[in-house]
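Chemist: Please read through the structure below; I'll follow up with questions.
The values are calculated or read from the model by the stated rules, or taken from the named source; none is laboratory data. Please read these numbers as outputs of a predicted model, since none were measured by experiment. Don't worry about glycine lacking a Cβ; one is built from the backbone with ideal geometry, like all the others, and counts go over all protein chains shown.
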Amino acid sequence: MSKSESIEARTLSALWLRALSEARPTPAFLVKLRGEWRDVSWDDAGRSVEELAAGFLSLGIGKGDRVAILSRTRLEWTLSDWALIAIGALVVPIYPTSPALECAYVLGNSGARFVICEDAGQLAKVAPARRELEVLEQLIVLDEESESDAVSLTELRERGRALLASDPEAVDRARARIREDDALHSAPSRP
């Protein structure tokens with residue numbers, strides 16, 4: 001299925017592609033950085049989502065996999081969400097105010113294989129669950145200052161760019177496997 005065919009599909013991934021294909025006079029997002037609002041163009045957002053989607057594929061994340069996001073709402077959360085949607089993965093949101101025990105409960109009952117954490121504080125909350133839950137394969141962190149074995153968002157995008165350089169159709173193939181009712185018929189695998 002080509003990109004133009006997938007735009008016609010009735011999936012969230014197709015919705016994102018349609019939004020990218022339309023000429024829009026307004027930015028995709030407005031982000032407040034250091035007290036000032038900054039525009040994020042549709043081209044920049046689309047490139048970010050594609051690189052992140054490929055990065056997730058490079059980690060072995062695919063259709064039906066659950067990926068938890070433990071972060072306050074921010075641009076990187078949204079771009080990661082759209083990237084996971086693009087490859088058919090399911091997002092498991094966890095409130096950033098949730099205590100460690102609640103995070104462990106959600107992770108243990110959702111079947112999440114990967115966790116995206118905002119920062120070192122959120123990583124610390126899931127560390128005990130990672131030791132106990134064998135299903136958690138990898139931590140990903142949005143902020144760069146974390147000193148852990150987590151993959152940074154910058155590193156994830158670099159991995160995505162490398163995959164796209166060697167296999168430009170990788171994300172399109174993943175997107176083509178998504179069907180309208182996929183999430184309705186899938187259940188998490190229990191360890």
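Chemist: How many of the residues making up the stretch 136-152 are at pLDDT 90 or above and in contact with an Asp or Glu (Cβ under 6 Å, 6 or more places away or on another chain)?
Modeler: Selection size over the stretch 136-152: 2.
Chemist: Kindly provide the set of residues from the stretch 92-115 that are surrounded by fewer than 18 Cβ atoms within 10 Å (Cβ to Cβ) and under 20 Å from residue 153 (Cα atoms), ordered by number.
Modeler: 93, 95
Chemist: If we only count strands (runs of 3 or more DSSP E) wholly inside the stretch 19-71, which ones have 3 or more residues that are touching a strand residue (DSSP E or B) at 6+ places or on another chain (Cβ under 7 Å) and small (Gly, Ala, Ser)?
Modeler: Because the criterion is at least 3 residues that are touching a strand residue (DSSP E or B) at 6+ places or on another chain (Cβ under 7 Å) and small (Gly, Ala, Ser), no strands (runs of 3 or more DSSP E) in the stretch 19-71 meet it.
Chemist: Counting only residues that are under 19 Å from the mean Cα position of the chain (by Cα) and not hydrophobic (A, V, I, L, M, F, W, C), which one in the stretch 1-17 is modelled with the lowest pLDDT?
Modeler: 11
Chemist: Name the helices (runs of 4 or more DSSP H) wholly within the stretch 83-168 that hold at least 2 residues that are of a type in the set (D, E, K, R) and in contact (Cβ under 8 Å) with a residue 40 or more places away in the chain?
Modeler: 153-166
Chemist: Here is a list of conditions, (1) loosely packed, with under 15 Cβ neighbours inside 10 Å; (2) in contact with a Leu (Cβ under 7 Å, 6 or more places away or on another chain), and residue 80 meets all of them except one; can you say which number that is?
Modeler: Looking at each condition in turn, residue 80 falls short on (1).
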